[in-house]
Structure formats: structure tokens, C-alpha cells
Amino acid sequence: MLGLPAATAALIYAVHRPGSAKIPAPAPSSPVASAQKDASAAVPDEDEDQGPLLHPPNGKLPMLACADAATIVHEVEAALAFPVAAPKPADFADATRNWIDPQGLWAITPDAPARAAVDAEAAAILAEIERGKSCAGAGRVGRKLHAWVDSLRARWDARRKAPEAADETRALTAAVDLDEAEGAHSEDAGALADDLADRAAAIDRGYGSELAKYVQVARDRLFPPLDDEEWGKVVLAAAVRAWVEQTDGHGAWAPYGEEATVHDVDLTKDAPTRLWARATRTLLGVRIDEAPLPPLALGDVVLQVDTLALAGMSIEQLDELALTATDGPEPVDVVVLRSGERSPRVVRVDASTPAPAGASPHPFDLAVERVPYGHGELALVTMTDVYDDLGELFSRALSRARSPKLAGVVLDLRGNGGGATEGAIDVLGAFLPGARLFPMKHRDGSIETDSAPAPPADEQWTGPVATLVDAGTASAAEMLAGALAAYRRGPSIGAPTYGKGCAQEYLDDDAHAGLLRVTTLLFSLPDGSPVQRVGLTPLIPYPFHDDEVGSEREARLPHSPPSWTGPDVRDREWLDKASLFAWPTHGGRVGPCKDDAACKAIAMLGDRAPRGPVARKK
């Protein structure tokens, strides 16, 4: 328990929406992350230097009026790059319950009356959020929630006052991590309410008035005192989130204060500094598990940030808080309960404090490995994500790698789940300056084509290039590898890629209630080859193995957009130059590499001409 005193251990709990009670750390993109939470936005949206403005959370439940719910639904229908398929009521009901209930107390467990109510009203709610005039079905679920949560609050109050509930030892035997909590409480919200009441009683006994304020906040957020109408609006906000996800496999809507769940801000230029990288929700706040921003420390239980108490907040709002707390120029006061201490303390966190190592995945420089190749060497450049400013990062990497011995450049895109379209296009400018790139199709059938920038000559690379790809290569990373192959500028080596050939745009919704991520474009490679649901077939096969992503493909993603074959927009002058970029022979002299598989794959270069198909035709 990281040295927490006995009563502090009672703070930790794992009530959650199915998924995780831990607030996730920012992580490099993967195909699944790219599919569910993609930062590869349409080019018009990613022209900005910074990510979207994030709103600090307020700790309140998301709510939508009936008309506003319909406004958002109609906006998505108009913007999608493909026809809308109506969600199945059963799937919609599951997703709606998931978003209603951030605590695991209100609508998910079988003993919660709202569980059956959502099933019964799913078809009605689907129709209501299309019409936007009368949301009686959502209101009926709201009445069930009102009565149920009121009964849980009364149960909490009675249990917390019982003499046996104040036994610290009993509280300490409760689950302190996600897996155990699921086993203990997945079938009964009432039992979870009892357990939380026992924990609150242990805190009362161990800390008294020191933490009374935060216990009260926890009570009010775990069992909100809302009326029928307000609960109905909670249902509608959850229904819209569910509808967007069930309609667009890459889409999402989040209310202001939770936008970080929609936009992967860690891939943007000037990514915000986090208060922490990973934390576990507790009854009264969060326990910091990774990369605290000094003077915060590992194991601190954060109770309050500025004037906002954290008890009972959702994972989504807590993650947004970690990103927005240091937005301003002034230091922020944070109330923490520190290991071994019996009273909370206030620490002042300065917004200008450098982020600790590991707090953000954004690198200052790309990793470049010099690998012996024939009588010279090649630069193996690892790209784990496609950042907004990847072009700038690559330019610096290329500058470091240049030498008279440099025979070629290999971009390692294995496991790169994508990111910013603009970042991929900027990198391509170094290899294909000014070339026409990706045809992009809108919902109305219109097609636009972007072009690579033409950087100064000293930022271009006119020698051989190749890419390493695997099943984890997706989205904007597929753009990089696919464009180089389509122009015969450089072959790809490895395994078939993930197959995400669509782009998302981020929009403030027309109801002025939150942020949308919507699939507004389908793209193909410059030669017209489809990427969406198809992926790239490398010119040079090599069996890279990745057990985690090997079976995952865009084509298997529920509600994935359809495939699209575009026109061939390649500039002929670049195709005429293809023979100039052939890899020199290496005579068997390749490596060593830090990754032996990379060296074995690279050794297949040199005696193969870059020709043949670059994508599987559907």
C-alpha cells in the first residue's frame, strides 16, 4: 500500500465504469488506441499549431436537453463521410448504461433498476434523440435513477453510522485494485455502497474533521441529489455519447470538461504539462502512481486542486484536470494526504515547473541508430507516433544523421498507431517535396488532394529510403509508408498493416455543449490504392511478430467506415525518377542493430527493386 497509514488505505477504492479504475497514462498510439481515440484529424483541422482549448472540469455530471441531443446527432449525420447506419438497440443500451454510470452504482449492475429500464427504453431513446422534441423515454429512465440513487444514499448514511462500520480493519480488507473490486462488486451495487460506507466510516474514525469535507463531497457525487428532469438529462448526455460511438467507429462526443477523451492532446505540439501521468481513483481523490509534477510525490492522495475537490469525480474529468490545472501562469494550490502523515497538506505547484521524466510521450528528438550497411551506414529512425510537429522532429534527426557514409534512411514505423495527418505530410516533404499525395473523399463525393511541402534543400533527403511496418502500423503511419511506396520512392518491409484509411475532424458541437470527433474523410494512397479496411501489403515481406496487435485490424472494428479506392494523383515526374532511389547492395554486411529483427529485415534491401503493388486491392 505504498506505506499509507491504515486509515489512508481505506481511501482507495475501485468503483468504475467497466474498463479501469486507473486514470490512464499517456501512451504511444496503437491500432486500438488509434481506432478508439485517434488524433489523425483531417488536414483542415490539424493546421493549428496547438491542440484544442481544454475546459477545466467542474465535477458535475454531464447533462443535455432533449433539443441539444438532437442537434448534436444531426450535426454528426451531416458531417460523416459515409451513410449513417442506425445503432442496434441492444448495443446502444449497453453503451448508454456505460456512460450513465461513472461509479458502477447507478445503471450497470443487475440490482440497479435503471439497467432494465435502459434496455426497455433504448429504441424510444434512439428515436427521441433524432426528433429532439419529447424525450419521454429518457425521462422514464431518469425517474428510475432518481429513486434508486436516493435509496443508495439512505443506505450509505445508515451504514456509515453503524458501529461496526467504523472498524478500520474491516475497511482495509476491501479490494484496493480493479480486478479484486470487479470480483467483489460486479453483481451488486448495494454491496459496493456498503463497502464505500465502511471506508467512509473508517476515514471518519481515523481522521475526524480533517477529511470530513471530502467525505461529504464523495457522498454528494456518489449519490447526486438530482430530480427526475436532471437525471433524464444525464441519460440524454450518455445516449449521445453512445450514439456517436455506435455510428462512427472512430467518433466520439464529450462534454466540455472531458474533451481530452476525444482529442489525444499528447500528440499535439506544445502538449500540456500533466499534474501526474498515472493515478488510481480513491474514495476522496486520486493516488499518484507515476510521474508527479513536483513538489507532488508518488503515493500522494490528491484531495483538492485549487478550489475543486476531487472526491467522486469520473475518470474522464480527473484526466482533464491533470491536463488543465497548470494552464495558467500562476501556481496552483493542491491539497494532498501524504504517506505517513495524519493531516492533509497544501503544496504549491508552479505551472513553469519542468515536467518530470516520463510525464509525456512527446520526444525532444527522435531516436536515430546508425547501422553499418555495406561500406557505409544507414540511419534507422524510430517513429513511435505521428506528432503534429513530426516534420520538425524528423528534420532535426536527419541533420544529426547526415555524414559522408550515410547510404540510406529507414523509418521504423512498427507499432506506430498514427497521429496527426499534417505531421505525416510534413515528413513526406523531405522525400517527395511538392508531390501530390492523398486523395480525400467527402460525404458529398467531392475529392480534395493535398501536396507535400517543399522544404529547403538541406532538409530534404535525395537518397534511398525504406520503412519497417507491421500490424501495429496504422493511420497516419500508413500514410507515410504508403506514399513512399506508391511513388516507388522507398519500399516497405514487414507485415500487412492495420488498415485505417479515414481521417477525423474535431468540432465544437452546434449545441455549444462539448467537442465532437467525426470521421469526415476517407483517403487512398497517391496511386488510388485503398487503405481503409485493407491496409498495406509490404513489398518485402518479413514476419515481424506482435502478439498484442497481430489479430487486430480496422476491418474487424465495429462501425468501421467502408473502404474507398481513389484516383491516381501521382506526379509523373516523380515516377520517372524512381530508378534514382534504388538501395545499393550491401554484400551481406548489415548491422549489428539494437533490434536483431530490424537488421534481418533491412538485410533484405539492396538486391530488390522497389516495384510491385503497395496495397491490396479490394
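Each reported figure results from applying straightforward, stated rules to the coordinates on display, with no laboratory input. Since we're looking at a predicted model, the values are computed, not measured. Here Cβ is always computed from backbone atoms with ideal geometry, including for glycine, and neighbour counts include all displayed protein chains.
Can you sort TYR256, TYR387 so the residue with the fewest Cβ neighbours within 10 Å comes first? Write down the numbers at each step before the final one.
Details: TYR256 19, TYR387 29.
Neighbour counts put them in this order, fewest first: TYR256, TYR387.
Taking the Cβ of PHE82 as the center, what net charge do the other residues with Cβ under 12 Å away carry, scoring Lys and Arg +1 and Asp and Glu -1?
On the way: positive: LYS441, ARG443, ARG533; negative: GLU77, ASP248, ASP444.
Within the 12 Å Cβ shell, the charges total 0.
Specify whether the C-alpha gyration tensor of region 278-349 places it in the rounded, prolate or oblate class, a ≥ b ≥ c being the square roots of the eigenvalues: rounded for a/c under 1.5, otherwise prolate if a/b is larger than b/c and oblate if not.
Details: a/c = 1.41, a/b = 1.10, b/c = 1.28.
Note, shape of region 278-349 comes out rounded.
Between ASP508 and ALA86, the distance separating the two model label sites (each 7 Å from Cα on the Cα→Cβ line) works out to 3.4 nm.
Please compute the net charge surrounding ARG221, taking Lys and Arg as +1 and Asp and Glu as -1 over other residues with Cβ under 12 Å from its Cβ. Can you show the working numbers first?
On the way: positive: LYS60, ARG153, ARG219, ARG281; negative: ASP220.
Here the charged neighbours net out to +3.
For GLU187 and ALA454, calculate 0.36 nm times their separation in residues minus their Cα-Cα distance, and state this gained length in nm to one decimal. Can you show the working numbers first?
On the way: separation 267, 0.36 × 267 = 96.12 nm, distance 6.00 nm.
The span from GLU187 to ALA454 would gain 90.1 nm if fully extended.
Which of rounded, prolate, oblate describes region 492-586, given a ≥ b ≥ c as roots of the alpha-carbon gyration tensor eigenvalues and a/c under 1.5 marking rounded, otherwise prolate only if a/b is larger than b/c? Kindly include the intermediate steps, with their values, before the conclusion.
Values: a/c = 2.68, a/b = 1.52, b/c = 1.76.
It is oblate, given that a/c is not under 1.5 and a/b is not larger than b/c.
Of PHE544, PHE438, how do they rank once you tally other Cβ atoms within 10 Å and put the fewest first?
Working: PHE544 23, PHE438 28.
Starting with the residue having the fewest Cβ neighbours, the order is PHE544, PHE438.
For region 56-255, the percent of C-alpha pairs falling in each 10 Å distance bin, counted from 0 to the bin holding the largest distance, reads 9, 32, 30, 18, 8, 2, 0. Summing Lys and Arg as +1 and Asp and Glu as -1 over all other residues whose Cβ lies under 13 Å from the Cβ of PRO292 gives a net charge of +1. Put a dot 7 Å past the Cα of ARG155, heading toward its Cβ, do the same for LYS60, and the two dots end up 2.8 nm apart.
Applying a threshold of 30 Å to the alpha-carbon distances of LYS441/LYS577; LYS88/LYS233; LYS233/LYS500 flags LYS233/LYS500 as lying beyond it. With both labels modelled 7 Å from their Cα along Cα-to-Cβ, the ARG348 to LEU53 distance reads 2.8 nm.
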